[in-house]
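Asks: Could you have a look at this structure, given as structure tokens, before my questions?
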Amino acid sequence: MVLQLFEGEKIRFAAFDAEKDAEVFSKWTHDPEYLRLTEFEPARPLAPFHVKKKIEELEKEAGRDFYFFVIRMKADDRAIGFAHIHWVEWNHGNAHFNMGIGSPNDRRQGLGGEALQMLLRYAFEELNLYRLTGHTFGYNDGAQKFLAKHGLQLEVRRREAIYRDGRYWDALTYGILAEEWTAGNK
Amino acid sequence: MNDSLFTGTLVRLAAQDPAADAQTISNWRRDTIYTRWLEVDPVLPPQLKQTRERIERPHSERFYPFAIRALADDKLIGFVILLRVNSHHRDAYVGIGIGESEYRSKGYGTDAMKLILQFAFQELNLHRVSLDAVATNARAIRSYEKCGFVHEGKTRGAEFRGGIRDDIVTMGVLREEWERNGTGNQVDR
């Protein structure tokens, strides 16, 4: 049994702290590439005020069924990204997740992988879900490789559901079952 | 111009009226099999007030609900709705239910679906329409295939009811497929 859900090797999961985090989250929203890798909504830069408001609204809308973590470096407590679980269907044991590493400098170092593993552990060992569902886009090769590497299967390809830069891209859905995650962690 | 946007061969699409229609729509929800196929949330016994409030909800550009009425006698037999209409990606989901059981498996739902696709593509100018269905709902899936929907994948085991896990099937139809199939032209001519 692993007792630590929020302490990883290099990172930890922390609650969103508007005072500390709104500023850096706001910075990330000024990078359209980051927004387009993580969001369906039109890219739009957000002031710290609006970041705070948006997260408060998400929390209000989802009530208790919204589990939002700021990813922080253990070494210096710096916020490097977010990971969250939402749309929990308790009766079916399904939920959706999203995550992002804000700065390109913090990508490709295994930090996202560590965060995803912690999020999956949280989903399956704390929320006791049956499965978890993630979404990405046809143009995001990095995310597709990342999800497959961590044992998620491509389940749905909604053809041409995303219109960006004057052309259509597929919306992809990946899923992993609790039993698959457990088998992969033995 | 198409002057029969809301009229098919068996049914027509109409507004849902809170005063006149809420009781009928609410009564359909006594049928658990029907409601379970429509909704992810745990089913509850019908509440007239809730149904009425849902019909009274202000109109929005993300959400287009219709009543389905049989052309022969104008009877209210079901509903069809475009939801999560995303105008910047030009995508929407569709949900449909034939609440009056004697009107199932007779082409009424298929006719209504063809009408709402025509509405989605010719009025809202969408690029595609998506839907989710429980994999065991074979009758619905057959109807969707008839309307031109293509299978796009399965969310494994996402439906858990009566102790049984089922897949959720996702289907979609693109504007160009719909135009090529001529599905729109069969609606009203």
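Quick note: the coordinates plus some simple rules give every number you see, no bench work behind them. The structure displayed is predicted, hence computed values, not measured ones. Backbone-built Cβ (ideal geometry, glycine too); neighbour counts: all protein chains shown.
Asks: Only one residue in A:A115, A:A148, A:A143, A:A183 is in contact with a helix residue (DSSP H, G or I) (Cβ under 7 Å, 6 or more places away or on another chain) and part of a helix (DSSP H, G or I), so which one is that? Write out each step before concluding.
Replies: Values: A:A115 fails: in contact with a helix residue (DSSP H, G or I) (Cβ under 7 Å, 6 or more places away or on another chain); A:A148 fails: in contact with a helix residue (DSSP H, G or I) (Cβ under 7 Å, 6 or more places away or on another chain); A:A183 fails: in contact with a helix residue (DSSP H, G or I) (Cβ under 7 Å, 6 or more places away or on another chain).
After applying the criteria, what remains is A:A143.
Asks: Among the residues of the stretch B:160-180 satisfying the criterion of being part of a strand (DSSP E or B) and without any contact (Cβ under 8 Å) to a residue 40 or more places away in the chain, which is nearest to the other protein chains (Cβ to nearest Cβ)?
Replies: Start the filter on the stretch B:160-180 by keeping residues that are part of a strand (DSSP E or B), which leaves B:160-161, B:164-174.
Pick out the ones that are also without any contact (Cβ under 8 Å) to a residue 40 or more places away in the chain and you get B:160, B:164-169.
On the way: B:F160: 5, B:I164: 11, B:R165: 8, B:D166: 10, B:D167: 9, B:I168: 9, B:V169: 9 Å.
In this case the residue turns out to be B:F160.
Residues checked against (1) touching a residue at least 12 places away in the same chain (Cβ under 8 Å); (2) surrounded by 13 or more Cβ atoms within 10 Å (Cβ to Cβ); (3) within 18 Å of B:Y144 (Cβ to Cβ):
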| position | (1), (2), (3) |
| --- | --- |
| B:W28 | yes, yes, no |
| B:Q47 | yes, no, no |
| B:T51 | yes, yes, no |
| B:Y93 | yes, yes, yes |
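Asks: Residue by residue through the stretch A:124-143, note down the ones that are within 14 Å of chain B (Cβ to nearest Cβ) and of a type outside the set (D, E, K, R).
Replies: A:F124, A:N128, A:L129, A:Y130, A:L132, A:T133, A:G134, A:H135, A:T136, A:F137, A:G138, A:Y139
Asks: Looking at the stretch A:158-178, which of its residues are at the interface with chain B (Cβ under 8 Å from one of its Cβ atoms) and without any contact (Cβ under 8 Å) to a residue 24 or more places away in the chain?
Replies: Residues satisfying the conditions are A:R158, A:R159, A:E160, A:A161, A:Y163, A:Y168.
Asks: Suppose the filter is in a helix (DSSP H, G or I), within 16 Å of the chain's Cα centre (by Cα) and not β-branched (V, I, T); does B:S143 pass it? Step through it out loud before you land on a result.
Replies: Details: in a helix (DSSP H, G or I): yes; within 16 Å of the chain's Cα centre (by Cα): yes; not β-branched (V, I, T): yes.
Here the answer is yes, as B:S143 does meet what is asked.
Asks: Right, next: Evaluate the following for B:S105: is it within 29 Å of B:A138 (Cβ to Cβ), polar (S, T, N, Q), away from chain A (no Cβ under 14 Å) and outside any loop (DSSP other than H, G, I, E, B)?
Replies: Values: within 29 Å of B:A138 (Cβ to Cβ): yes; polar (S, T, N, Q): yes; away from chain A (no Cβ under 14 Å): yes; outside any loop (DSSP other than H, G, I, E, B): no.
Against the criterion (within 29 Å of B:A138 (Cβ to Cβ), polar (S, T, N, Q), away from chain A (no Cβ under 14 Å) and outside any loop (DSSP other than H, G, I, E, B)), B:S105 does not qualify.
Asks: Now, a different point. Can you tell me which residue in the stretch A:148-157 is nearest to A:G112 (Cα to Cα), limited to those that are more than 8 Å from chain B (Cβ to nearest Cβ) and surrounded by 13 or more Cβ atoms within 10 Å (Cβ to Cβ)? So that I can check it myself, show each step before the final result.
Replies: Taking the stretch A:148-157 as the starting set, the residues that turn out to be more than 8 Å from chain B (Cβ to nearest Cβ) are A:148-152.
Still in the running and surrounded by 13 or more Cβ atoms within 10 Å (Cβ to Cβ): A:150-152.
Values: A:H150: 11, A:G151: 14, A:L152: 14 Å.
Here the answer is A:H150.
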